[in-house]
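A short write-up of the structure that comes next.
What follows is calculated from the coordinates using simple rules that are stated; it is not laboratory data. All figures in this text were calculated on a predicted structure; none of them were measured in a lab. Here the Cβ positions follow ideal geometry from the backbone for every residue, glycine too, while neighbour counts run over all protein chains shown.
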Amino acid sequence: MNTKPWKHPLGQAAIVVVLAYVLFEWGIWLLPPLFGVASAPVPATVVLQYMGTVVVGVLIWVSDSEERWKQFKAPIHRVMVDPRQKVLRTALMVTIPLLVAFMTFDRVRPTVSAPAALRSVHPAPPGQIDFRGETMVLNGLENPLRHEGDLEEHYEEGKRIYVQNCMPCHGDALDGQGHFASAFNPAPLSFQDPGTIVQLTESFVFWRIAKGGPGLPREATPWDSAMPAWEDLLTAEEIWQVTIYLYEQTGWEPRTWEEEGAEGEEH
Amino acid sequence: MLPGVEITSERNVPKPGMTWRSGAGPILLLGALVLLVMAEPAFAQVPAGRDYGDFPVIGGRAAVWVAAQVHLLFAAFVLGVPMFAVVTEAIGMFGGDERYDKLSKEFTRLLLVAYSATAIWGGILLFLLVTIYPTLFSYLAQIFNLSMWIYVGLFFFESFTLYLYYYGWDRWKKGRAKWFHWGLGIALNVWGTIVMFIANGWLTYMMSPPADVTVDTAPQMVQLWSALTNATWMPINIHRLIANVVFGGAVVGAYAAYRFLAAKSDEERAHYDWMGYVGNMIAIGALIVLPFAGYWLGREIYEFNQQMGITMMGGFMSWLWIIQAFLIGILFLAGNYYLWVGMGRIPGAERFMPYTKYMLAVLIVGVIVWATPNTMIASREEFAAMGGTHHPFLSVLGLMSGKNTAVNFMILTTFLSFLLYRRANKEPVVPWARTGTIVQGAIFVVASAIVLFYGIYGYMVPTLVRIGFSVYQVLTVLACIIGVITIDLLMLRGATSRGEIQWGRMPQRSQYALFILAVTFTWLMGLMGFARSGIRQHWHVFEVIRDTSPWAATPALGYSSVVISACVLIFFGLVAFIFWLGSLAEKPVISSAGRASAAGGIQSELQPAPSEG
Amino acid sequence: MLKTNLSILAVVIGCLGVFTWVANAIPQIQSDVPEDLVLSDDVTPEELIAAGEELYNGGGGCTACHGLGERAPNLLTDHAGTGLIGERCANRVAGEDCKQYLHTSMVDPNAYLVEGFAPIMLDASRTLSSVQIWALVAYLQSLGGEVTVSGADFADDGGAAAAGGVVASAPAAPVLGPTGPLDPEELLTRHTCATCHAVTGQSPLGPSYEGMGSRLTADEIRTSILDPTASAAEGFEAMLGIMPPIFGNIPAAELEAIVQFIASQR
């Protein structure tokens, strides 16, 4: 066989498959942005599906004419039986099973990523929690510090606690853009966002700080959250203080419990 | 939870035996079924005072499911094949080509055994229903008693018409007797169709009972006629009628492929090559109209109950349609592949061979677009990169406009393949042949442009308008098909031939494409059956009789696919046996054929090695 | 011939294997049966309360209104100085004892409207079975009062008190044909959509209809109404599951009018 590899059906088939892979893996991701169209990496399952279709197509092409089919099979056949091709044959016999073994390993090896699930960001809070051995009823609970002591002082104390403990992830602007933020998926919440603390009562915020990610109910996929449970590190007073800081600093009003005449709960 | 308070859905968690993910499922199912056939209802005992019986290992629902599906597959075969057996016989009668008469008789021979298999599986289904769902069955029996008796009577007539039709074939071969014989074939179809319509009435009643039937309606009070002619009855009738032809064609194709591979003489090979071609043509031809019946059925379901429609298309079954797209993609590819490989046996077809790669490219792009999921499966990292479950670029393809355009292009391409196949060995002699070809090409270009235009324009208009576009696209494709084929028929009148089609000179791999077609059709039928039955969800009779059995939850696709695969395997196991019986009967006739082969020139590598056999 | 048979078998099994694998590789969703309460006639008050509490905080969807905020009286705390619900229920309507009052309030919510609130509540019997409603009554009674609900109550109106227990499911009688003129805004009120969704401006609970037509197609709106758990609007993910999946009972013409109206809100 003296034809050039790109004129031979086997070579052409290989070229088509490789080109298709490049297109699906990178082309769809990188080409549209050049024309101002948004795109993103294609999920592996979709690439697999597309590649399966292309491979079937290539097989159809090489085998729909008798002559091409024979040409296509010839080099494969030669490698399998020709005594002079022993080295190549042995190499293939070793690498192909190894490749399959590696792919199998890659599929089944444990990874740190959680299984995909529909995640509830603000799950329903429990009616009561156990905080340092004491039972706290969350229903109807308000921030006690709003009615005792100096609010300004609580705010200052809250700021100190925030900067010491929360800022690395939630950021100095409370926008969820802390130094470590990009390491987490899902990313730390932005308190500036009108969808977060403004929707919640202070008791909810207290619960989230105290119990952290591990305290989330199932529907909120606790295994995804990197938020620590602060109840062993901060006192109840400190948590309430940092809560005050969150609301005062962002300018949001906490959602309130039933109060006569209060304006709508979404600010 | 305190004792005494029990949430029933916990009972509905499938038993471990119902959630196989491994390949052991089908084998166990098969084993259980063998047990069942040997020891029928003794296994399924009804505990006193309960509405449901049980079935060992696989559970009652799976048992009834398998019995119903296998029965239905045989029934579809038995109803589909007579339709084109009669047509083939007529072609033989009027065209005077003996070949077609022989083919028609061969179809009918397959029917005989398949017919008794249908009856056996019907019996199994009946006994399982009575023992596992006694309350539901007695409810249905109270409504449908009269129609059940009629059904049995018609079944009787149908059987004996079939016996007369087959065994009288050689006796009533000439002149007026042949007309009588053909009449028998038509009667066979009439009985069969009525039988199917009655049975469809029972099952569509469970899906869409008349609006005046409520939870409190006593079964004696339900009017038989209104129960039979419910909202989805006629759409299902039509849909099944067409699907039966498709299915019959595909299974006949598989039969021919089997006989082709097993053939020992060139003449035999030529005959079964031709038969496989006819079966494939019937299947693909009828398949093209099937979506219309499907649309109608879907619309009736939406009109009957929007919630049911949503459950079917967008609810927990939405992924089922991705699988369906995948299967239909396989059908298109396999069908075209068979035609292209077949062009290798037609002198003159080499003119068209270079074009197949472009048609293949269109098909592959079509399949890719058509099977692109709207909501993708991805890991958390990939979702984070995409910014949601929708891909910003590819989700455009996942929408209806893109998919309709893709499927219309696939239909057009398949039609073009067929056209080239037809044209392969012909040389038109009419003076306007060149103009005609140009007009045909122009029709194709215009049709493609219209389909593409509406496909793109569909993204710019509201949904309601866009739904209308799919109708324009389909009508365009149909008009193109009709226009081009009309020109083709006129143009090829009296055309000279570049040489006869060398029937039998077909590589073996093309026959495997026929098997893939048959298996895929069968599996697709099972899947669509699951969809139709599953949208009732936890109801036996939708919003009338609640399913309170342990199997009330509608299973996920994974489990369903295992059951469907088991059904298909059982069906083809039995069909293989029937095919084998068919070859037993045929043997002495073929081996006596000593004439020179019509196929001629078969290359030696295409012949099976002497050791096989 | 054996070789041919084996290769045919391989093709068939291979096809089936691929199909089965593909169907198993996608996310597996099973359509579960809606939860029913099964309570025996001799149910203890504790069992009823526990079942009621679970419903109240979960599938019953009560907390959407009777939880935070001031859309409805808070049933878990003191209301305007009249005491907890278990106490105040007996004093609300002359001649109705606590049990009767609570039950009527659920199946005919507008019968006794608490002062200061709009008549927005849905008839609970549209989504809940009689057993479930009685369990909720028992739970509310337990908040500061004495539970007087017993198995006899739901055996009475449940009808079929079969041996061993009574299974009740939500009645799902489809309404046939439009029951009134097709004024979308009126329909939104009548079918209680406006309870949670405002046509313009800030919504009470769910997303506002303002501009919804530019975000969603009519198809998506229809899907969201019929299957509210299918997807959540941005910012409302936490509310997923609060909207009851009962609006499939709206006559199709009216539903379509509502869908088209929402889709026209750009």
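Values computed for the structure shown
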| read-out | value |
| --- | --- |
| For C:Arg190, net neighbour charge (Lys/Arg +1, Asp/Glu -1) across residues whose Cβ lies under 12 Å away | -4 |
| Fraction in percent of alpha-carbon pairs per bin - 5 Å, chain A | 1, 5, 8, 11, 12, 10, 7, 6, 6, 6, 6, 5, 5, 4, 4, 3, 1, 1, 0 |
| Between helix A:202-211 and chain A: long-axis angle, C-alpha atoms, 0 to 90°, nearest 10 | 60 degrees |
| Length released on extending from B:Asp51 to B:Gln508, taking residue separation times 0.36 nm less the Cα-Cα span | 159.2 nm |
| B:Tyr302/C:Glu186 FRET efficiency (R0 35 Å; Cβ-Cβ; nearest 0.05) | 0.90 |
| Of B:Lys105/C:Lys3; A:Lys7/B:Lys357; B:Lys174/B:Lys264, those spanning more than 20 Å from alpha-carbon to alpha-carbon | B:Lys105/C:Lys3; B:Lys174/B:Lys264 |
| Derived scalar couplings ³J(HN,Hα) [region C:141-147; Karplus, 6.51 cos²θ - 1.76 cosθ + 1.60; whole Hz; x for Gly, Pro] | 4, 5, 7, x, x, 9, 7 |
| Rounded, prolate or oblate (a/c below 1.5 giving rounded, otherwise prolate when a/b exceeds b/c) for region B:399-546 by Cα gyration tensor | oblate |
| Potential extension, B:Ile186-B:Phe157 segment - 0.36 nm per residue separation minus Cα distance | 9.2 nm |
| Rough spin-label spacing in nm, given labels placed 7 Å along Cα→Cβ, for B:Val396 and B:Ala90 | 4.9 nm |
| Separation of the A:Leu30 and B:Phe292 label points, Cα + 7 Å toward Cβ, nm | 4.9 nm |
| Peptide-level mean, for C:197-209, of C-beta atoms on other protein chains within 10 Å | 1 |
| Computed FRET value (nearest 0.05) for A:Lys4 with B:Thr135, which takes r as the C-beta separation and R₀ as 60 Å | 0.20 |
| Packing-based order for B:256-265, A:144-153, using average beta carbon neighbours within 10 Å, highest first | B:256-265, A:144-153 |
| FRET E, pair C:Thr82, B:Val215, Förster distance 35 Å, beta-carbon r, rounded to 0.05 | 0.30 |
| Other protein chain Cβ atoms within 10 Å, averaged over every residue that makes up B:211-223 | 1 |
| For B:537-549, mean number of other protein chain Cβ atoms within 10 Å | 2 |
| Whole-number D in µm² s⁻¹ for region B:137-270, Kirkwood Cα-pair radius fed into Stokes-Einstein, 4 °C, 1.567 mPa s | 72 µm²/s |
| Value of D in µm² per second that Stokes-Einstein yields for region C:184-263, Kirkwood Rh from Cα pairs, at 20 °C (1.002 mPa s) | 171 µm²/s |
| Label point distance in nm, B:Val471-A:Ala183, each placed 7 Å from Cα along Cα→Cβ | 6.0 nm |
